[in-house]
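**Q** So that we are looking at the same thing, I have put the structure below in structure tokens.
The values are calculated or read from the model by the stated rules, or taken from the named source; none is laboratory data. Everything numeric in this text was worked out from a predicted model, so none of it was measured. Glycine gets a Cβ as well: all are built from the backbone with ideal geometry, and neighbour counts include every protein chain shown. The area values use the complete protein model at the heavy-atom level, side chains included, leaving out ligands, DNA and RNA. Shrake-Rupley method; radii C 1.70, N 1.55, O 1.52, S 1.80 Å.
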Amino acid sequence: MTDEIEWWDYEDTTEMANALAGDIQFIIESAIEARGAAVIALSGGKTPIPVYEKLAQAKLDWKRVTIVPADERIVPLGDPLSNVTMIGKIFLPKGARVMPIVPQATSDYKAAGRSADALMQELHWPLDLVLLGMGTDGHTASIFPGPDYDEALNGPKERRALGLMPDPLPPEAPVARVTLSRAGIVSARSIMFAISGPAKKKVLEDAIKEGASSPYPVGRVLAEVELPIDIHWSEQ
């Protein structure tokens with residue numbers, strides 16, 4: 001695991017949004033300057049919404065920015081559980097290219113995963129940024145315990161995304177997922193976290209200490225990361 005993990009602490013999500021949006025803007029600008037385009041993966045959930053709303057105000061050449069969700073629930077586009085729907089509402093009006101990784105709801109989550117991986121293979125790689133969140137159960141992206149857990153962590157290095165069925169299903173979103181694999185996450189040029197609340201901070205600190213033997217998915221993912229990681233945490 002990287003020994004360069006930097007924590008950035010904020011009093012509230014507004015303060016965090018201002019700082020983190022500035023950091024993401026810098027990454028996008030640097031990628032556009034270097035090769036004329038930026039490709040980033042953003043997480044769903046409530047915590048990063050203020051970050052995205054702040055970032056959307058940045059004066060960027062948004063037509064050169066491609067955004068994919070770091071993970072997606074297998075639900076129809078427009079569904080309240082759809083991550084890309086939330087991301088698209090914020091960034092499509094700016095002119096960014098927001099790509100659904102689950103174009104349609106299907107009962108075959110493995111096929112959805114293969115389709116998402118094929119789409120990821122067509123993107124410029126590595127990603128310029130993966131912004132991750134984390135649940136109080138220690139999952140990140142949609143890497144959950146269940147029948148596909150080992151595949152998400154230890155599948156072929158070239159597999160960037162896969163379908164995954166959490167077991168047990170999270171009550172707030174009891175559906176199958178498509179997620180970036182651990183290999184897809186750790187290959188990114190930049191990895192950042194946005195989390196809030198004392199409970200999540202404790203889980204993430206424990207997961208980092210435990211590393212590859214962690215019972216938390218996030219600890220297992222981070223054990224493979226070699227580049228510096230920025231963790232942005234707001235108290236509220």
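**Q** Among the residues of the range 59-67, is there at least one that is under 17 Å from residue 133 (Cα atoms), within 17 Å of the chain's Cα centre (by Cα) and hydrophobic (A, V, I, L, M, F, W, C)?
**A** Scanning the range 59-67 turns up at least one residue that is under 17 Å from residue 133 (Cα atoms), within 17 Å of the chain's Cα centre (by Cα) and hydrophobic (A, V, I, L, M, F, W, C).
**Q** When residues of the range 82-95 are filtered for being over 23 Å from residue 165 (Cα atoms), open to solvent by 10 Å² or more (accessible area, probe 1.4 Å) and not basic (Lys, Arg), how many remain?
**A** 4
**Q** Evaluate the following for residue 57: is it open to solvent by 20 Å² or more (accessible area, probe 1.4 Å) and not in a loop (DSSP other than H, G, I, E, B)? Don't jump to the end; show me each part of the working.
**A** Working: open to solvent by 20 Å² or more (accessible area, probe 1.4 Å): yes; not in a loop (DSSP other than H, G, I, E, B): no.
Answer is no for this residue.
**Q** On the basis of being of a type in the set (A, V, I, L, M, F, W, C) and touching an Asp or Glu at 6+ places or on another chain (Cβ under 9 Å), does residue 105 make the cut?
**A** Criteria met by residue 105.
Here's the yes/no breakdown for (1) over 12 Å from the mean Cα position of the chain (by Cα); (2) closer than 17 Å to residue 187 by Cα:
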site	(1), (2)
111	yes, no
119	yes, yes
124	yes, yes
130	no, yes
134	no, no
139	no, no
147	yes, no
152	yes, yes
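A quick yes/no check of all residues on (1) in a helix (DSSP H, G or I); (2) touching a residue at least 40 places away in the same chain (Cβ under 8 Å):
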{"site": "19", "(1), (2)": "yes, yes"}
{"site": "27", "(1), (2)": "yes, yes"}
{"site": "53", "(1), (2)": "yes, no"}
{"site": "101", "(1), (2)": "no, yes"}
{"site": "107", "(1), (2)": "no, no"}
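**Q** Is the range 70-81 home to any residue that is crowded, with 19+ Cβ neighbours inside 10 Å, touching a helix residue (DSSP H, G or I) at 6+ places or on another chain (Cβ under 6 Å), among the acidic types (Asp, Glu) and at negative phi?
**A** yes
**Q** Right, something else. Within the range 62-74, is there a residue that is modelled with pLDDT under 95 and of a type in the set (Ser, Thr, Tyr)?
**A** Here is the first cut: in the range 62-74, the ones modelled with pLDDT under 95 are none.
Within the range 62-74 (the criterion being modelled with pLDDT under 95 and of a type in the set (Ser, Thr, Tyr)), the answer is no, since none of the residues qualifies.
**Q** Moving on. Within the range 128-193, considering only strands (runs of 3 or more DSSP E) that don't extend past its boundaries, which have at least 2 residues that are at pLDDT 95 or above, buried (at least 23 other Cβ atoms within 10 Å of the Cβ) and among the small types (Gly, Ala, Ser)?
**A** 161-164
**Q** If you don't mind, there's one more thing I want to ask. Keeping to the range 197-210, report how many residues are in contact with a Gly (Cβ under 9 Å, 6 or more places away or on another chain) and either in a strand (DSSP E or B) or open to solvent by 10 Å² or more (accessible area, probe 1.4 Å) (or both).
**A** Residues flagged as in contact with a Gly (Cβ under 9 Å, 6 or more places away or on another chain) and either in a strand (DSSP E or B) or open to solvent by 10 Å² or more (accessible area, probe 1.4 Å) (or both) within the range 197-210 amount to 6.
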